[in-house]
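Asker: Please see the structure below; I have some questions.
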Amino acid sequence: MKKIVIVGAGVAGINAATKLVDNGYPGELITIIDMGKDPYNRKAEEVMEGMLGAGGWSDGKLTYHTAIGGQLSKYCGEEKAMELMDQVITNFKRFHPKPEEVQCSNPVEEPDFIKPYFGLRLFPVWHIGTDYLSEIAKNWYEYLISKGVKFEWETKVVNIDFDKNVLETLETYQLDQPFANTKVINYNALIFAVGKSGIDFAQSLAKQYELPDEPKSVQIGVRFEAPQHHFQKLIDISYDFKLYRKFEDKGVSLRSFCTNNNAAYVAVEETYGDISYNGHAKKDPKYKNDMTNFGILMEINGIKDPFEWSRELVSKVQSNGTGLYYSPSRKPSTTSEGNDVSAHQIDWMGLQVVSEYFQGYFSYITDFIDDMKKVFPTLENDWGIYIPEVKYLSPEPLVNYNDLSLTKYPNVHFVGDALSARGITVSGAHGIYVAESLI
């Protein structure tokens, strides 16, 4: 049997390992390497790395539709894609301490009051509960350990030789030590599941091995926050509502993304040394703050080198080591731990500077907010935005559709963010799909 190495202990990598051992694959032949910590030592604020990755650690909502989060059905067809998503959801329930609390919302009708300002995408969403993600991670980890799967935590993969089937690792505390010795690990099959924090590494490998790829669009915007009562009539119809609009002649579309309600908190993410924002919701009533937050994300096509364009823009909208916050009337909110959300507050003039950095695209966001004030008239100036929210999408490497392996290296499989997935369910489905091909 093949020795399998999985780079990244996020949702894609963990689901792949689970599918393998569930079907009798020897866990002793599976090694998972991650820069972060195991679920017992990973702190709540360590969002980007560690067991279950960024999404599985901080977001308890699993979108249940192939039109969201990537192009899963492109690889395996619609029916198979939904079957894979079912397996991901089943795994989250399986390791959930209270699986009976996992619920699915499935709105079916777009309300008239949204029209003509917005479209409303209505998709089923499974609500896992952010409060339970840490316990899910621990239970899942214990299961894989019991099956013999080996983990190497706080370890960075610094080089991969696709021709010799070896990779080199370095423990993270040694990264700044110029004479530190790397550890060499051989593999027969490699599942490359690095997540957001490994996109730079994925790009360097793509350039080194001249991997054919497909450029992706820019995905950037802000995290919007306001008291929940302003949006309640829409929340009653669709908890995780997705407002959208398209400007096809401009190559721009906008959508609200990852809506959080009731006990909704803005989350800080650090990627490549810069701060961006996301959000999550708690389930425990003691955290209730009656707030709503969601991303307002633009998808911009036609940008030359969209990944670098996004990186440069994010670096510009930083101040005093953190991101920015603008509101006509409010102050930044607090985290679920009671600390102020890290953000440098700017005034209207500062917002005009931000608009210039967006090179003309920021007006789409301000128009989006202005029209929300028409649809939700009590909103007025009772809102704030955290700048920026970003989804880094590096060029998507071309893969074989039957197993997501690189067209030039059939024993190397790209999954999750490394394959431009944009959601927990799709990333997990990638991992399971690859595992099925290896069984």
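The values are calculated or read from the model by the stated rules, or taken from the named source; none is laboratory data. Everything numeric here is computed off the predicted structure, so don't read it as measured data. Cβ: placed from backbone, ideal geometry, glycine included. Neighbour counts: every protein chain shown. For accessibility, only protein heavy atoms count, side chains too; no ligands or nucleic acids. Shrake-Rupley method; radii C 1.70, N 1.55, O 1.52, S 1.80 Å.
Asker: Name the residues in region 363-413 that are open to solvent by 50 Å² or more (accessible area, probe 1.4 Å) and either acidic (Asp, Glu) or under 30 Å from Pro212 (Cβ atoms) (or both), would you?
Answerer: Within region 363-413, Asp367, Asp370, Glu380, Leu398, Asn400, Tyr401, Asn402, Thr407, Lys408, Pro410 meet the criteria.
Results for (1) touching an Asp or Glu at 6+ places or on another chain (Cβ under 7 Å); (2) over 22 Å from Glu49 (Cβ atoms); (3) assigned to a loop (DSSP other than H, G, I, E, B), shown as yes or no for each residue.
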site: Ile369; (1), (2), (3): no, yes, no
site: Thr378; (1), (2), (3): no, yes, yes
site: Asn381; (1), (2), (3): no, yes, yes
site: Thr425; (1), (2), (3): no, no, no
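Conditions (1) open to solvent by less than 70 Å² (accessible area, probe 1.4 Å); (2) closer than 21 Å to Thr259 by Cβ; (3) in contact with a strand residue (DSSP E or B) (Cβ under 9 Å, 6 or more places away or on another chain); (4) free of Cβ contacts under 8 Å to residues at least 24 places away in the same chain, marked per residue:
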position: Pro107; (1), (2), (3), (4): yes, yes, yes, no
position: Tyr117; (1), (2), (3), (4): no, yes, yes, no
position: His127; (1), (2), (3), (4): yes, yes, yes, no
position: Ala137; (1), (2), (3), (4): yes, no, yes, no
position: Tyr141; (1), (2), (3), (4): yes, no, yes, no
position: Val149; (1), (2), (3), (4): yes, no, yes, no
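Asker: A further question follows. Could you check how many residues of region 276-320 are in a loop (DSSP other than H, G, I, E, B) and within 16 Å of Ile387 (Cα to Cα)? So that I can check it myself, show each step before the final result.
Answerer: Start the filter on region 276-320 by keeping residues that are in a loop (DSSP other than H, G, I, E, B), which leaves 282-284, 288-290, 301-305, 317-318, 320.
Add one more test, that the residue is within 16 Å of Ile387 (Cα to Cα), and what stays is 317-318, 320.
Residues in region 276-320 being in a loop (DSSP other than H, G, I, E, B) and within 16 Å of Ile387 (Cα to Cα): 3 in total.
Asker: While we're on this one: Could you grab the pairs with beta carbons closer than 8 Å, sequence gap of 6+ or different chains, first residue in region 254-266 and assigned to a strand (DSSP E or B), second one acidic (Asp, Glu) and at pLDDT below 90?
Answerer: Cys258/Asp59; Cys258/Asp240; Thr259/Asp240
Asker: Tally the residues that are buried (at least 22 other Cβ atoms within 10 Å of the Cβ) and either closer than 23 Å to Gln345 by Cα or of a type in the set (Ser, Thr, Tyr) (or both), restricting the search to region 238-255.
Answerer: 1
Asker: If I go through region 174-194 residue by residue, how many of them are surrounded by 10 or more Cβ atoms within 10 Å (Cβ to Cβ) and either in contact (Cβ under 8 Å) with a residue 60 or more places away in the chain or not polar (S, T, N, Q) (or both)?
Answerer: Residues in region 174-194 being surrounded by 10 or more Cβ atoms within 10 Å (Cβ to Cβ) and either in contact (Cβ under 8 Å) with a residue 60 or more places away in the chain or not polar (S, T, N, Q) (or both): 14 in total.
Asker: Follow-up. When only residues in region 212-237 that are polar (S, T, N, Q) and under 21 Å from the mean Cα position of the chain (by Cα) count, which is most open to solvent (accessible area, probe 1.4 Å)?
Answerer: Out of the qualifying residues, it is Ser217.
Asker: For region 344-362, enumerate the residues that are assigned to a loop (DSSP other than H, G, I, E, B), under 23 Å from Gly321 (Cβ atoms) and open to solvent by 50 Å² or more (accessible area, probe 1.4 Å). Before the answer, list the steps.
Answerer: The first filter runs over region 344-362 and keeps only residues assigned to a loop (DSSP other than H, G, I, E, B), leaving 347, 358-361.
When the remaining residues are screened for being under 23 Å from Gly321 (Cβ atoms), the result is 347, 358.
The answer is Asp347, and nothing else.
Asker: Being open to solvent by less than 10 Å² (accessible area, probe 1.4 Å), touching a helix residue (DSSP H, G or I) at 6+ places or on another chain (Cβ under 9 Å) and among the small types (Gly, Ala, Ser) is the requirement here; does Gly55 meet it?
Answerer: Values: open to solvent by less than 10 Å² (accessible area, probe 1.4 Å): no; touching a helix residue (DSSP H, G or I) at 6+ places or on another chain (Cβ under 9 Å): yes; among the small types (Gly, Ala, Ser): yes.
No; evaluated as a whole, the condition is false for this residue.
Asker: I'd like the residue in region 342-365 that is of a type in the set (Val, Ile, Thr) and over 21 Å from Phe247 (Cα atoms) and, out of all such residues, is nearest to the chain's Cα centre (by Cα). Walk me through it before giving the result.
Answerer: Let us first name the residues in region 342-365 that are of a type in the set (Val, Ile, Thr), namely 346, 353-354, 365.
Applying the additional criterion that residues be over 21 Å from Phe247 (Cα atoms) yields 346, 353-354.
Values: Ile346: 27, Val353: 28, Val354: 24 Å.
Among those residues, the one meeting the criterion is Val354.
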